[in-house]
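The values are calculated or read from the model by the stated rules, or taken from the named source; none is laboratory data. Because the structure is predicted, anything quoted here is derived from the model rather than measured. No Cβ is skipped: glycine too gets one built from the backbone with ideal geometry, and neighbour counts run over all protein chains shown.
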Amino acid sequence: MNEEPTGGCALPQQGLPAERVLDEIHLLRAQDRPTHGGQLFAYVYDPAVPGLDELAATAYAASAHVNGLDPTAFPSLLAMENALVGAAAELLGGGPGSTAPEVVGSVTSGGTESLILAVKAARDAHPEISTPRLVVPASGHAAFAKAAHYLRVGLDVVPVDPGTLRPDPAATAAAIGPETVLVACSAPSYAHGVIDPVGEIAAAAAAAGVRCHVDACFGGWTLPYLRRLGVPVPPFDFAVPGVTSISVDLHKYAYAPKGVSVLLHRDPALRAPQYFAYADWPGYTMINPTIASTRSGGPIAAAYATLRHLGDDGYLRLAAATRDAVAGLADAVRRVPGLRLMAEPESTVVCFTATDPELDLFVLVDELTARGWHTQPQLSYAGLPASVHLTVTAAVATRVGEFSPALAEAAKAVRAAGPVVLPEQLRTLAGTLTPDALTPELVGGLAAGLGLGGSAAAPPDRMAVVNTLLDAAAPALRERLLVEFVGLLQRPHW
Ligand SMILES: *Cc1c(COP(=O)(O)O)cnc(C)c1O
């Protein structure tokens with residue numbers, strides 16, 4: 001950060017007045033990208049509903065000190081969790097009167113935790129398999145790889161078709177082996193917003209006697225409403241035979257503050273191996289459905305308040321606004337020569353690439369940022385070109401008219417500036433360096449040269465050169481470089 005309001009670490013010699021502390025936080029917050037106003041197309045989800053933030057903050061505060069560790073000590077939290085799980089289950093094809101009346105679930109801290117727990121439950125259902133494996137499409141969220149890494153589960157990645165951006169069901173079926181404990185697919189994928197062929201993949205998994213997880217972390221709360229609005233949404237939830245678990249993030253399109261996701265299982269037996277229980281110590285017997293043991297009630301109460309306040313009618317209205325915003329943004333992209341949509345939008349993502357090398361996407365992202373529009377660059381990967389990702393939320397609806405001219409102007413500026421040309425030395429480095437050849441000196445020099453140096457420096461406004469360098473590197477080198485760069489940022493203030 002550029003400003004250090006405290007001038008040092010978080011613990012002053014003498015405590016400060018509340019007002020002064022809040023001033024510091026507001027000063028720090030002023031450096032952030034705008035969480036509200038419909039101009040940040042990643043990280044945040046804004047319904048632009050007046051009063052909702054205040055309601056969620058009040059609910060959060062009311063339960064911040066309640067501990068989810070023991071549901072018998074704090075029945076309020078148990079009640080709110082069960083209410084959230086019930087709402088998610090009903091929305092996603094479970095509950096009374098459905099074909100999945102036995103659905104149960106858990107409230108987790110986020111999508112990543114939901115996926116780790118889905119993989120853990122699948123793994124621990126098969127103690128007899130010594131080297132368990134997970135089948136996931138290449139478009140699956142990186143959190144699956146994280147789960148596999150944390151849990152020592154092997155990863156079998158099924159490529160996606162560069163045209164449809166979906167995995168081939170037959171190739172998915174072929175990837176299932178005797179050690180497979182889980183097959184995963186997305187509804188929709190984060191990167192491109194496309195819905196995988198859930199029916200065929202779940203059928204293949206069921207035929208092999210393997211669990212099938214649908215990662216609806218991103219779109220699980222919007223797809224049912226888009227369907228009700230007449231958007232053609234293929235079956236993806238518990239209505240699909242063979243789907244054994246589904247994740248949906250409430251801190252995405254349920255518009256709850258950060259820290260809440262739901263992991264659903266078709267029945268209690270499928271969920272059982274998700275729990276960790278331990279009685280073999282002199283303290284309390286620990287029974288945890290989730291990774292954390294002590295858990296704040298704050299995010300859960302805030303999510304509960306958000307769902308109760310917005311209601312089914314509210315989410316339907318917000319989905320309609322989002323659908324209209326997506327259509328408007330997609331039109332804006334179509335109007336710019338040299339840009340192409342990666343896929344026709346079928347959910348709440350607009351993702352585009354460039355067909356003209358003069359229209360450098362990474363420079364375009366910077367030009368949009370300079371105009372107040374914060375998009376997310378995605379690096380080229382396995383035959384897929386680099387692209388620009390826009391997560392679209394309801395707050396964007398009123399801003400679409402401004403985006404179109406901004407995009408056209410930004411594209412003009414990109415053509416005038418020309419594409420990033422990496423210095424020959426850097427290009428060679430990116431192409432030949434192996435991750436283990438990276439020394440602290442090399443990283444330090446590189447970071448300084450790219451404007452990323454200095455422990456207290458914020459990342460530069462212009463990231464096109466950095467993105468071009470990363471794009472030229474293989475994934476393993478990208479990972480190592482970014483770990484080193486982020487490690488330089490994450491240094492304590494003394
Ligand atoms: C966001 C997302 C995740 C990970 O969720 P976090 O809340 O960031 O941990 C997983 N899968 C999909 C499809 C997502 O969009």
Among the candidates 202, 147, which residue alone is closer than 28 Å to residue 390 by Cα and not in a loop (DSSP other than H, G, I, E, B)?
147
Within the stretch 117-124, identify whether any single residue is out of contact with any helix residue (DSSP H, G or I) (no Cβ under 8 Å at 6 or more places or on another chain), among the acidic types (Asp, Glu) and either more than 16 Å from the ligand (Cβ to nearest atom) or over 24 Å from residue 232 (Cβ atoms) (or both), and answer yes or no.
no
Mind listing just one residue for me: the one in the stretch 406-439 that is over 30 Å from residue 371 (Cβ atoms) and among the hydrophobic types (A, V, I, L, M, F, W, C) and, of those, surrounded by the fewest Cβ atoms within 10 Å (Cβ to Cβ)?
437
Residue in the stretch 128-139 that is in the same structural domain as residue 300 (by TED's automatic domain parsing), part of a loop (DSSP other than H, G, I, E, B), crowded, with 21+ Cβ neighbours inside 10 Å and within 16 Å of the ligand (Cβ to nearest atom) present
yes
Selection count, the stretch 29-50, where residues are in contact with a Leu (Cβ under 6 Å, 6 or more places away or on another chain) and either of a type in the set (Ser, Thr, Tyr) or part of a helix (DSSP H, G or I) (or both):
0
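Residues are listed down the side, and each one gets a yes or a no for (1) under 30 Å from residue 374 (Cβ atoms); (2) touching a residue at least 12 places away in the same chain (Cβ under 8 Å):
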position	(1), (2)
17	no, no
36	yes, yes
44	yes, yes
56	yes, yes
74	no, yes
77	no, yes
96	no, no
101	no, no
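On the basis of being assigned to a loop (DSSP other than H, G, I, E, B), within 16 Å of the ligand (Cβ to nearest atom) and either among the aromatic types (Phe, Trp, Tyr) or in the same structural domain as residue 113 (by TED's automatic domain parsing) (or both), does residue 213 make the cut? It would help to see each step written out before you state the result.
Numbers: assigned to a loop (DSSP other than H, G, I, E, B): no; within 16 Å of the ligand (Cβ to nearest atom): yes; either among the aromatic types (Phe, Trp, Tyr) or in the same structural domain as residue 113 (by TED's automatic domain parsing) (or both): yes.
No: the conditions fail for residue 213.
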Of the residues 315, 304, 253, which is more than 15 Å from the ligand (Cβ to nearest atom), touching a residue at least 24 places away in the same chain (Cβ under 8 Å), closer than 17 Å to residue 218 by Cα and hydroxyl-bearing (Ser, Thr, Tyr)?
315
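Taking residue 334 as the residue in question, decide whether it is under 30 Å from residue 380 (Cβ atoms), free of Cβ contacts under 8 Å to residues at least 12 places away in the same chain and surrounded by fewer than 23 Cβ atoms within 10 Å (Cβ to Cβ).
Against the criterion (under 30 Å from residue 380 (Cβ atoms), free of Cβ contacts under 8 Å to residues at least 12 places away in the same chain and surrounded by fewer than 23 Cβ atoms within 10 Å (Cβ to Cβ)), residue 334 qualifies.
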On the given criteria, is residue 380 surrounded by fewer than 18 Cβ atoms within 10 Å (Cβ to Cβ), of a type in the set (S, T, N, Q) and closer than 30 Å to residue 73 by Cβ?
no
Within the stretch 226-243, is even one residue touching a Cys at 6+ places or on another chain (Cβ under 6 Å) and either modelled with pLDDT under 95 or of a type outside the set (Asp, Glu) (or both)?
yes
Got at least one residue in the stretch 82-93 being within 16 Å of the ligand (Cβ to nearest atom), in the same structural domain as residue 157 (by TED's automatic domain parsing) and not in a loop (DSSP other than H, G, I, E, B)?
yes
When the stretch 232-278 is examined, which residues are found to be among the aliphatic types (A, V, I, L, M) and either surrounded by fewer than 24 Cβ atoms within 10 Å (Cβ to Cβ) or part of a helix (DSSP H, G or I) (or both)?
233, 239, 240, 269, 270, 272, 277
Go through the stretch 94-115 and count every residue that is more than 14 Å from the ligand (Cβ to nearest atom) and either closer than 18 Å to residue 45 by Cβ or buried (at least 22 other Cβ atoms within 10 Å of the Cβ) (or both).
5
Tally time: how many residues in the stretch 37-93 are of a type in the set (Gly, Ala, Ser) and surrounded by fewer than 19 Cβ atoms within 10 Å (Cβ to Cβ)?
13
Contact list please: Cβ distance under 6 Å, first residue in the stretch 466-494 and more than 11 Å from residue 379 (Cβ to Cβ), second residue in a helix (DSSP H, G or I), pairs at least six apart or on different chains.
476/435; 477/435; 480/435; 484/443; 485/447; 488/447
Could you tell me whether the stretch 187-207 includes any residue that is of a type outside the set (A, V, I, L, M), more than 22 Å from the chain's Cα centre (by Cα) and surrounded by 22 or more Cβ atoms within 10 Å (Cβ to Cβ)?
no
Taking the criterion of being outside any helix (DSSP H, G or I), more than 26 Å from the chain's Cα centre (by Cα) and in the same structural domain as residue 146 (by TED's automatic domain parsing), would at least one residue in the stretch 12-28 satisfy it?
no
